[in-house]
Amino acid sequence: MNNPNIDDYSSSEREVFRMTENTKDLRRKRQQQPVMDAFDRKILAELGADSGQSYTRLGEAVGLSAPAVHERVRRLRQSGVIKGVHAALDGSALGKPLLAFVHVEAAGWGKSERLMQVLRFPEVEEMHSVAGDASVLFKVRTASPQALEAFLSQIHAVPGVTGTRSYIALSTYLERPVQAGVTENWPDMPLPE
């Protein structure tokens with residue numbers, strides 16, 4: 001079979017051909033959401049509570065055999081639902097008791113190559129691009145107010161940064177990773193006072 005040459009088409013057909021050729025790869029394929037059932041969510045909840053448990057113990061907790069749990073965990077890793085396994089470290093025990101959330105105000109969008117350089121500091125636990133009156137939000141854990149001040153001086157040295165607002169946590173009532181559960185039915189009434 002002969003592959004037709006673009007010159008074999010009329011000018012209007014060539015334009016359609018060019019448009020089709022030029023745009024076919026522009027649309028990104030949507031990543032398929034993995035299909036998860038109640039067992040997968042139970043496994044993920046158990047791993048979230050203690051990622052070091054054996055497949056046998058996981059199986060006992062969720063009502064499946066160890067090989068079935070192993071296969072499900074493999075599939076969840078392969079699909080990207082499980083991105084990694086991490087130890088939960090205690091900031092105070094590591095000499096970093098001060099937890100702060102730093103909102104960065106910047107001219108323009110704010111996220112720049114220079115601002116991304118602050119990610120090399122181990123005090124930075126999270127960085128988010130956010131909507132609202134700030135453009136970037138950092139979660140940082142430092143040894144002292146002076147260490148937080150040194151971090152803020154790094155932020156203020158970035159061209160385009162117009163200001164910061166820092167919120168220091170006095171107490172932490174809940175700090176947890178992403179949870180496997182999903183609220184299917186939100187209460188019709190607000191929670192009681």
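Annotations
Per-residue answers, yes or no, for (1) modelled with pLDDT of 95 or more; (2) open to solvent by 50 Å² or more (accessible area, probe 1.4 Å); (3) part of a loop (DSSP other than H, G, I, E, B); (4) farther than 16 Å from K96 by Cβ:
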site	(1), (2), (3), (4)
F138	yes, no, no, no
S153	yes, yes, no, yes
L174	no, yes, yes, yes
A180	no, no, yes, yes
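- Count of the range 53-80 residues, restricted to those that are under 24 Å from the mean Cα position of the chain (by Cα) and in contact (Cβ under 8 Å) with a residue 24 or more places away in the chain, is 6.
- So S144, is it surrounded by fewer than 12 Cβ atoms within 10 Å (Cβ to Cβ) and at pLDDT 95 or above: no
- Residue within the range 81-99 that is surrounded by 15 or more Cβ atoms within 10 Å (Cβ to Cβ), assigned to a strand (DSSP E or B) and more than 21 Å from the chain's Cα centre (by Cα) present: yes
- Checked against (1) modelled with pLDDT of 90 or more; (2) of a type in the set (A, V, I, L, M, F, W, C); (3) open to solvent by 50 Å² or more (accessible area, probe 1.4 Å), L58 passes all but a single condition, namely (3).
- Residue in the range 32-45 that is open to solvent by 80 Å² or more (accessible area, probe 1.4 Å), among the polar types (S, T, N, Q) and either modelled with pLDDT of 60 or more or under 16 Å from V81 (Cα atoms) (or both) present: yes
- If you check W186, W109 for being closer than 30 Å to S51 by Cβ and not aliphatic (A, V, I, L, M), only one passes: W186.
- Residues satisfying the stated conditions in the range 155-170, i.e. modelled with pLDDT of 95 or more and hydroxyl-bearing (S, T, Y): T164, S166, Y167
The values are calculated or read from the model by the stated rules, or taken from the named source; none is laboratory data. Quantities reported herein were computed from a predicted structural model and do not represent experimental measurements. Because the Cβ atoms are built from the backbone with ideal geometry, glycine has one as well, and the counts that use them run over all protein chains shown. SASA here: full protein model, heavy atoms, side chains in, ligands and nucleic acids out. Shrake-Rupley method; radii C 1.70, N 1.55, O 1.52, S 1.80 Å.
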